[in-house]
Amino acid sequence: MLSDLRRELAALKELDRKGSIPTPKGGITPESVLQIMVDEKVISFHAKQTAITIKESEIDKAVENIKASNRFSDKELEKALKQQGITLDKYRKNLKKQMLIRRVTNFEVSGVSVSKEEVKDYYHQNIAEFMSEEKIRVSHIALTLTKDAGSMLKGIAEEKIRSIKKEIDSGADFAELAREYSDDSTARQGGDLGWFKRGKMLPNMEVVAFSLKPGEVGGPIHTPFGLHLIKVTERVEAKPVEFDKVADKIRSKLYNKRYQRKRTAWIKRLRDQAYIEVLY
């Protein structure tokens, strides 16, 4: 009924708000929730036809496992359910329904497998998915300027940063000059900012930084915080992650995709055999 749909929709949105469930790709909509509810109905009906059942002892065991994983006593479980507006009896019925759907689905959608050759083929054909990210280690010398700094202060800062750059170009040690001149808290560490991947730096600073080779110095660079000279001290280029490190991830991805395709086809057959009329 419409009231059932609204109740289920409200419950799922609340779980989504709390981060208790992954948000579906298209969001939680009445249409998507109705689709799930109808699927559950036809699967449950199919379970009755095939005499697949769930024993009360199995539900008892499932409840005990849930209590153990959450370290709940009987009273604590009932209290947690009450906060969600659910009685223990209602929770057990929902649990039984989900266990039944899972069992009949696993029974019908079986025989899904992925060979090692398929995993290797996917790896080689989609190698771009398995590249480690390029990263650089950066040091900087910063002269801070406030937003309301006048043209005179800006001019003095420009002249000072260019003078520092000339010293570096003449062979002066970048780290020593950072300790002497930089206004940033990293001055004590010779201006070391650590490692960065693309997308993690200020845009105009990132453009310059990733264009430099290890040992090269760039700038002056203007940012909302002032003027900077930057030096790339180390660089790790992007390269393919070893096959053995991603094989399980690829196998799982291919398995899930194949499983879902088979499950979708099976549910479609059940829907085609059923009488479904949506008045919504």
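Figures for the structure shown
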item: Residue, nearest to Leu229 (Cα to Cα), within segment 157-185, restricted to residues that are surrounded by fewer than 18 Cβ atoms within 10 Å (Cβ to Cβ) and among the hydroxyl-bearing types (Ser, Thr, Tyr); result: Ser163
item: Matching residues in segment 247-275 - criterion: being under 22 Å from Pro30 (Cα atoms), surrounded by 10 or more Cβ atoms within 10 Å (Cβ to Cβ) and more than 30 Å from the chain's Cα centre (by Cα); result: Lys268, Leu270, Arg271, Ala274
item: Residue pairs meeting the criteria (Cβ under 6 Å; at least 6 apart or on separate chains; first under 19 Å from Lys96 (Cβ atoms), in segment 66-82; second among the aliphatic types (A, V, I, L, M) and at pLDDT below 90); result: none
item: Sole exception among (1) closer than 30 Å to Asp121 by Cα; (2) crowded, with 18+ Cβ neighbours inside 10 Å for Lys197, by number; result: (2)
item: Conditions (1) over 30 Å from Lys55 (Cα atoms); (2) surrounded by 18 or more Cβ atoms within 10 Å (Cβ to Cβ): number failed by Val109; result: (1)
item: Members of segment 200-209 that are of a type outside the set (A, V, I, L, M) and surrounded by fewer than 17 Cβ atoms within 10 Å (Cβ to Cβ); result: Lys200, Pro203, Asn204
item: Matching residues, segment 63-115, being in a helix (DSSP H, G or I) and closer than 30 Å to Ala247 by Cβ; result: Ser69, Arg102, Arg103, Thr105, Asn106, Phe107, Glu108
item: Residue within segment 128-137 that is touching a helix residue (DSSP H, G or I) at 6+ places or on another chain (Cβ under 7 Å), buried (at least 18 other Cβ atoms within 10 Å of the Cβ) and assigned to a loop (DSSP other than H, G, I, E, B) present; result: no
item: Residue among Lys239, Lys249, Lys197, Lys213 that alone is touching a Ser or Thr at 6+ places or on another chain (Cβ under 7 Å) and of a type in the set (Lys, Arg); result: Lys239
item: Qualifying residue in segment 65-87 (condition: aliphatic (A, V, I, L, M), modelled with pLDDT of 90 or more and surrounded by 15 or more Cβ atoms within 10 Å (Cβ to Cβ)); result: yes
item: Residues located in segment 169-223, provided they are assigned to a loop (DSSP other than H, G, I, E, B) and aliphatic (A, V, I, L, M); result: Ala172, Met201, Leu202, Leu212
item: Neighbours by Cβ (under 9 Å, 6+ apart or cross-chain): first from segment 236-253, charged (D, E, K, R); second loosely packed, with under 13 Cβ neighbours inside 10 Å and in a helix (DSSP H, G or I); result: Arg251/Lys116
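Here is a yes/no grid of residues against (1) over 14 Å from Leu227 (Cα atoms); (2) in contact (Cβ under 8 Å) with a residue 60 or more places away in the chain; (3) charged (D, E, K, R); (4) touching a Lys or Arg at 6+ places or on another chain (Cβ under 9 Å):
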position	(1), (2), (3), (4)
Lys120	yes, yes, yes, no
Asn126	yes, no, no, no
His140	no, yes, no, yes
Thr146	no, no, no, no
Gly150	yes, no, no, no
Gly155	no, no, no, no
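The values are calculated or read from the model by the stated rules, or taken from the named source; none is laboratory data. Remember, it's a predicted structure, so these values are computed and weren't measured experimentally. Cβ coordinates were reconstructed from backbone atoms using ideal geometry, including for glycine residues, and neighbour counts include every protein chain displayed.
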